[in-house]
Amino acid sequence: MSPETTAPRSLAEALRARDDVSLSALLRSRPDLITPVPTDLTQLATRAGTRASVVRALERLDRFALQTAEALAVAADPATYDELLGLMAGDDGDPTVTAAFPGALATLREQALVWGPDERLRLVRTARELLAPSPQHPSPTGLGPTVAEATAGMSPGRIQEIVAEAGLATTHDSVSAVASLTDLFTDRVRMSALLDEAPAESVDVLSRLVWGPPYGQVTADPARHLRWLTDHGLLLPTAPGTVVLPREVALHLRAGRAHRVTEPLAPPVEAAATHRPQVVDAAAAGQAYTALATVEELLKDWHEGGPAVLRAGGLSVRDLKRTAVALDVAEPMAAFWVELAYAAGLLASDGEADERYAATPAYDEWLEMPAAERWAGLVSAWLAATRTAGLVGGRDAKDRALSALGPGLDRSAAPEVRRRVLALLAGLPEGASPAPDSLLGRLRWERPLRGGQSATDDLRVRLARWTLSEAELLGVTGRGALSAAGRALLGLPTPSSKAGQHEPAGPGDKLPAHRHHHPAPAAPHSPADQAAAASRATRLLAPLLPEPLDHVLLQADLTAVAPGPLQRPLADTLGVLADVESKGGATVYRFTPGSVRRALDAGRSASDLHTFLAAHSRTPVPQPLAYLIDDVARRHGHLRIGAASAYVRCDDDALLSEILADKRSQGLRLRRLAPTVLAAQADPAALLEGLRTMGFAPAAESAEGDVVITRAHAHRTPPRTAPEPVPDGPPVPDATLIGAAIRAIRAGDMASTTPRKQTDPAADHPGGDLPRTGSAETLATMQAAVLTGESLWIGYVNAEGAASQRVIAPIRVEGGFVTAYDHTADEVRTYPLHRVTGVAELADEEA
């Protein structure tokens, strides 16, 4: 039997001939095909040929697989294996291309972009339309139309003139003339002889058009060397003043290659520098601790309620600048930390009428976790987040500004790019940092650009650059190299298992076993796997993080030096008693009258402060600091502020007289009510602040005359969940879902394609509808099928009146219902017999 008679006539037939393993590979590589599950293989084939699905599949091919598809788009339809290989490897048969070609073709077949045997390879029609050349959309290969396509609108007389000028015999019709000209251009010997006769200027013109674009402009009276090309059909007119280089001529000049540069192998990721693994892990641990401290500082700054939410959502530019100053970082970095805290569910909007950002209750729980676990939570949130902080400050498609925490920052490709970048880092020798250009070159090969985009505009390239910088900020990498903790959290192989490899085994590295679609490295999917990965990372990082200290070093210049991170109770108390003057490896706190008064306002007494400092200082408490505390405490609360609108009372009437005499008190509009009481028209808070700016240390009091202790009020949002990442298309289905989908598709296909047993020819209706059977016959057929175990083909109308056809295996019939295994739904169901419109036995397989 000839290949033509056995070859599938459609993609649906080709899919029907596949086994379950092959269909599983298709559905895994193109998960959009089973969302929802197709009813049969014909519908699966139709869905595989839709424009959206084909575009998505093409965008996920690597460069060599895409080049193979592009070559098939300009080949004959159908093409043979050897013809397609010739377009890829050229006349000289590049051995590297020849070795990689079977893997690329297998990938295209697996993803149902190419179907048919080697003698009749066909590209899915939608893919051919996307990749084939046209005046509006030039081919990525740079090839123009064929001779037959270019001469479609040419007059028969002109075609005969070209044939004669080329030294060919004239014919009686245009079809045979075009075929004769095509044979000439595809004959290497005769074509070489024709070009040997061409003027040198003509050959120069061809060399400028050979690699594309193939179109050129000519005048109404072209030069002699151009006229020679048009007369011999080497340039054909497509429109007034426009000529094109036919595809067959270009392929001859290219020595048969469809592409100027064919790239069968993935470019290696080169190492820029190599450090000792211990140095990398130590540097990464330092960055990890800094990341935790930065997030804590951010949310501490927003402790009593953060910035207001813009009407359109997000932070204002002013608030982002203020946050950057508070964190002592640049604005892009401030946007990253804000977005990271948001992605981790640590901050959100409070939802009040005057909506503001604030920490969530999850932040308090996060603070109580060990440092390594807090880091693992932040990095896990970063890996999965689709919100992209690098876009902040840019503009969207409608030229609207993109703000931190605002809409429009989701990029569904971000998680995949992050994991792929880190996987490439893991493939380098241990402790090696990558050369950025080589890493970006590898990513471009794995996901090549289409449609004439420039590399600088490629979102994947920008995401990769942001990934490298953000991974360093978070301590996933140290000095540019992947840390052991980062590797463990990603679920990547340990360095020992990859000894001697400079790249992860992957696409293009082994030939001909060559896989051309590059999913992100297998991330731990199940909660148990994620917990195990986080636990491994925590164990690796914890010993490298600095232990919190329980002491500071007090100095005579009213400063305290924290030589490392402080335990939280100590840090919280010291943060009230003193102001942070500088940060770094050691934090410097400065004591001022205002900071000491802040501690006294919070309910601390002078003796409490002396005891606290003596207990937590490795040096004696300096005398200037003790004097400062005693002096502020002695004056603290000597003046009392209450509500009248507001009043000042003091047992020392001379002090009140001093306040009245001070010109700075005029704005408070004070007047004496009694020798020890002043009344003010300002409110108590303004009066407190005004007297403090004058150098006094007043204390607020309640209506009962007690001193009001003022502590910072922690503002929290209601419980909030972290933002859900925007998926990049349907998720990759697991083996269970794929197996169930394949069973359902095959059952539906069996129902639509299997012939029925013919019991009564007169009962068969035109169009293949089920025969109408009476209730008695339906019942008898069902009962017989229960005894024999045969499957039946039934017509069924549900309660809504929708008719469908199903393949069932009856299990029992009783009470007017049939319980059966429904092959179409892949489950046991019960159907009322009165809704079964017809029933027929399925033909034997041999029939």
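The values are calculated or read from the model by the stated rules, or taken from the named source; none is laboratory data. What you see is a predicted model, and the numbers here were worked out from it, not measured in a lab. Note that we place each Cβ from the backbone using ideal geometry, even for glycine, and neighbour counts take in every protein chain shown.
Which residue is surrounded by the fewest Cβ atoms within 10 Å (Cβ to Cβ), if the candidates are limited to segment 224-248 and must be under 20 Å from Val189 (Cα atoms) and under 43 Å from the mean Cα position of the chain (by Cα)?
Taking the candidates together, the pick is Glu248.
In segment 156-164, is there at least one residue being assigned to a loop (DSSP other than H, G, I, E, B) and either farther than 21 Å from Val249 by Cβ or in contact (Cβ under 8 Å) with a residue 12 or more places away in the chain (or both)?
no
Given (1) modelled with pLDDT under 85; (2) over 23 Å from Ile745 (Cβ atoms), where does Val818 come up short, assuming only one miss?
Going through (1) modelled with pLDDT under 85; (2) over 23 Å from Ile745 (Cβ atoms) one by one, Val818 breaks only (1).
From Gly695, Gly690, which residue is closer than 29 Å to Leu628 by Cβ, small (Gly, Ala, Ser) and not in a loop (DSSP other than H, G, I, E, B)?
Gly690
Filter segment 773-793 for residues that are in a loop (DSSP other than H, G, I, E, B), closer than 14 Å to Ile808 by Cβ and not polar (S, T, N, Q) and give the result. Walk me through how you get there before you give the answer.
In the first step, residues of segment 773-793 are kept if they are in a loop (DSSP other than H, G, I, E, B); the result is 773-774, 789-791.
Then keep just the ones that are closer than 14 Å to Ile808 by Cβ; that gives 789-791.
Within segment 773-793, Gly789, Glu790 meet the criteria.
What's the number of the condition Ser24 fails, among (1) outside any loop (DSSP other than H, G, I, E, B); (2) farther than 30 Å from His823 by Cβ; (3) of a type in the set (Gly, Ala, Ser)?
Going through the list (1) outside any loop (DSSP other than H, G, I, E, B); (2) farther than 30 Å from His823 by Cβ; (3) of a type in the set (Gly, Ala, Ser), Ser24 breaks only (2).
Scanning segment 117-146 for residues that are polar (S, T, N, Q) and either modelled with pLDDT under 90 or part of a loop (DSSP other than H, G, I, E, B) (or both), which turns out nearest to Pro246 (Cα to Cα)? Reasoning before the result, please.
So the first thing to find is which residues in segment 117-146 are polar (S, T, N, Q), and the list is 126, 134, 136, 139, 141, 146.
Filter once more, keeping what is either modelled with pLDDT under 90 or part of a loop (DSSP other than H, G, I, E, B) (or both): 134, 136, 139, 141, 146.
Details: Ser134: 12, Gln136: 16, Ser139: 13, Thr141: 13, Thr146: 5 Å.
It comes out as Thr146.
Given the conditions (1) closer than 28 Å to Gly49 by Cβ; (2) of a type outside the set (Val, Ile, Thr); (3) surrounded by 21 or more Cβ atoms within 10 Å (Cβ to Cβ), report the number of the one that Pro102 does not fulfil.
For Pro102, the exception is condition (3).
Can you name the number of the only condition in (1) at pLDDT 90 or above; (2) more than 22 Å from Leu425 (Cα to Cα) that Ala285 fails?
With respect to (1) at pLDDT 90 or above; (2) more than 22 Å from Leu425 (Cα to Cα), Ala285 is out only on (2).
Test of understanding: among Thr146, Thr186, Thr126, Thr107, which residue is closer than 23 Å to Leu85 by Cα and in contact with a Pro (Cβ under 7 Å, 6 or more places away or on another chain)? I'd like the intermediate steps shown before the answer.
Numbers: Thr186 fails: in contact with a Pro (Cβ under 7 Å, 6 or more places away or on another chain); Thr126 fails: in contact with a Pro (Cβ under 7 Å, 6 or more places away or on another chain); Thr107 fails: in contact with a Pro (Cβ under 7 Å, 6 or more places away or on another chain).
Step by step, each of Thr146, Thr186, Thr126, Thr107 is checked, and only Thr146 is closer than 23 Å to Leu85 by Cα and in contact with a Pro (Cβ under 7 Å, 6 or more places away or on another chain).
Does at least one position in segment 775-784 carry a residue that is outside the structural domain of Thr46 (by TED's automatic domain parsing), touching a strand residue (DSSP E or B) at 6+ places or on another chain (Cβ under 6 Å), modelled with pLDDT under 85 and not polar (S, T, N, Q)?
No.
Just a yes or no: is a residue in segment 267-287 assigned to a loop (DSSP other than H, G, I, E, B) and crowded, with 21+ Cβ neighbours inside 10 Å?
yes
Of the residues Arg322, Arg318, Arg311, Arg260, which is in contact (Cβ under 8 Å) with a residue 40 or more places away in the chain and outside the structural domain of Leu87 (by TED's automatic domain parsing)?
Numbers: Arg322 fails: in contact (Cβ under 8 Å) with a residue 40 or more places away in the chain; Arg318 fails: in contact (Cβ under 8 Å) with a residue 40 or more places away in the chain; Arg311 fails: in contact (Cβ under 8 Å) with a residue 40 or more places away in the chain.
Being in contact (Cβ under 8 Å) with a residue 40 or more places away in the chain and outside the structural domain of Leu87 (by TED's automatic domain parsing) holds for just one of Arg322, Arg318, Arg311, Arg260, which is Arg260.
With the condition kept exactly as written, say whether any residue in segment 444-465 is modelled with pLDDT of 90 or more, assigned to a helix (DSSP H, G or I), hydrophobic (A, V, I, L, M, F, W, C) and in contact with a strand residue (DSSP E or B) (Cβ under 9 Å, 6 or more places away or on another chain).
no
Residues that are at pLDDT 90 or above and of a type in the set (Asp, Glu): find the helices (runs of 4 or more DSSP H) completely inside segment 175-239 holding 2 or more of those.
Those helices (runs of 4 or more DSSP H) span 200-209.
With respect to Ala646, is the statement that it is more than 56 Å from the chain's Cα centre (by Cα), surrounded by 13 or more Cβ atoms within 10 Å (Cβ to Cβ) and farther than 30 Å from Asp683 by Cα true? Explain how you work it out, then say what you get.
Values: more than 56 Å from the chain's Cα centre (by Cα): yes; surrounded by 13 or more Cβ atoms within 10 Å (Cβ to Cβ): yes; farther than 30 Å from Asp683 by Cα: no.
It is false that Ala646 is more than 56 Å from the chain's Cα centre (by Cα), surrounded by 13 or more Cβ atoms within 10 Å (Cβ to Cβ) and farther than 30 Å from Asp683 by Cα.
Would you mind stating whether Glu201 is over 18 Å from Gly144 (Cβ atoms) and in contact (Cβ under 8 Å) with a residue 60 or more places away in the chain?
On the way: over 18 Å from Gly144 (Cβ atoms): yes; in contact (Cβ under 8 Å) with a residue 60 or more places away in the chain: no.
Against the criterion (over 18 Å from Gly144 (Cβ atoms) and in contact (Cβ under 8 Å) with a residue 60 or more places away in the chain), Glu201 does not qualify.
Which of the residues that make up segment 57-99 are part of a loop (DSSP other than H, G, I, E, B) and either among the acidic types (Asp, Glu) or surrounded by fewer than 24 Cβ atoms within 10 Å (Cβ to Cβ) (or both)? I'd like the intermediate steps shown before the answer.
Start the filter on segment 57-99 by keeping residues that are part of a loop (DSSP other than H, G, I, E, B), which leaves 60-62, 74-78, 80, 90-94.
Arg60, Asp62, Ala75, Ala76, Asp77, Pro78, Thr80, Gly90, Asp91, Asp92, Gly93, Asp94, listed by residue number.
Of everything in segment 532-560 that's free of Cβ contacts under 8 Å to residues at least 40 places away in the same chain and crowded, with 16+ Cβ neighbours inside 10 Å, which residue is farthest from Leu367 (Cα to Cα)?
The residue in question is Thr559.
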